[in-house]
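Structure, as structure tokens:
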Amino acid sequence: MTTIAQGYSEAMVEVGYGNVHLMKAGSGRRLLLLQDDIGSPGWLPLYRDLAQSFEVYVPSHPGFGKSERPAWMRNVRDLAIAHLWLAKNLGLDSVTVVGLGFGGWVAAEMATMRQDLFNKIVLVGAVGVQPLESEIVDQFLLSGEEYARLGFHDQSVFEATYGSEMSPEQLETWEINREMTIRLAWTPYMFNQGLPHLLGMVDTPTLVVRGAQDKVVPVSCAQRYLDLLPNARSETIDNCGHCVDVEKPAELVALIEEFLAG
């Protein structure tokens, strides 16, 4: 079933491994946006603004949010293959992928398997590679709300997005997402030791973006992507934490539009 509200459509898309929740809007060049591990509370300003210039697809990862959980899925490469299957079913090819945090890792894994699928790649606060300095924050030492808040430099933006008190539904969603993250990325935590050895084959133009005040993913992760990808450049957004997509959507949209115009 597809429902339409606030200028976007929402549907459960049947794929061979289960149903995937998908939000979609806009027209023009196609853009696949892969969410971070905390998911999304709905159709965010970033999606709305990107849909002014692009046809935007925002799936929830299998096992996250409203998407069905495949019982067999045990690592991020499985998840990346599942998204490749979804892209095939949706008829997506020669698409730009924007990966946010955990979704950046998924995008990078997808690119090592199907580089031809992507015309350009944007990685925002991406995990997936082991930081050479500092560590990726262990979300399982925190509550779901504490971890989500840590992604924001400006707490007023967090509260404008989620409220000052979390709803039971939001808390439940975060716990569903955290449980699936444990299944996929617990050992080693939030990176794949093999990925750095494969990124050298991905010569797709790539933009690596991070928030200057990111307290979740250390800057050395972004630097590793820059060092390993042969056709990558970087941008930093000031006064911004890990959740660049929510905290500084206008700035991120401007960077994406400029990158895709080049």
Exercise. If Ser27 passes every condition in (1) farther than 19 Å from Thr96 by Cα; (2) of a type in the set (Ser, Thr, Tyr); (3) exposed (fewer than 15 other Cβ atoms within 10 Å of the Cβ) but one, which one does it miss?
Worked result: (1)
Seminar exercise, completed: Here the residues within segment 6-40 that are under 24 Å from Tyr162 (Cα atoms) and among the β-branched types (Val, Ile, Thr) are Val20, Ile38
Problem set entry | Residues of segment 184-216 that turn out to be in contact with a helix residue (DSSP H, G or I) (Cβ under 8 Å, 6 or more places away or on another chain), hydroxyl-bearing (Ser, Thr, Tyr) and over 14 Å from Glu235 (Cα atoms), as a count | 1
Problem set entry | Tally of residues being in contact (Cβ under 8 Å) with a residue 60 or more places away in the chain and either buried (at least 17 other Cβ atoms within 10 Å of the Cβ) or within 15 Å of Gln35 (Cα to Cα) (or both) across segment 233-254 | 11
For this session: Filter segment 95-120 for residues that are buried (at least 24 other Cβ atoms within 10 Å of the Cβ) and without any contact (Cβ under 8 Å) to a residue 40 or more places away in the chain and give the result.
Result: Met110
Seminar exercise, completed: Within segment 23-43, residues under 22 Å from Trp174 (Cα atoms) and of a type in the set (Gly, Ala, Ser) come out as Gly39, Ser40, Gly42
Exercise. So is Val56 among the β-branched types (Val, Ile, Thr) and either modelled with pLDDT under 95 or farther than 19 Å from Trp174 by Cβ (or both) or not?
Worked result: yes
For this session: Could you list all residues from segment 56-94 that are buried (at least 20 other Cβ atoms within 10 Å of the Cβ), touching a strand residue (DSSP E or B) at 6+ places or on another chain (Cβ under 8 Å) and of a type in the set (A, V, I, L, M)?
Result: Val56, Val58, Val76, Ala82, Leu86, Ala87
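The values are calculated or read from the model by the stated rules, or taken from the named source; none is laboratory data. Computed from a prediction, not measured in an experiment: that's the story for all the values here. Ideal geometry is used to build each Cβ from the backbone, glycine not excepted, and the neighbour counts take in all protein chains shown.
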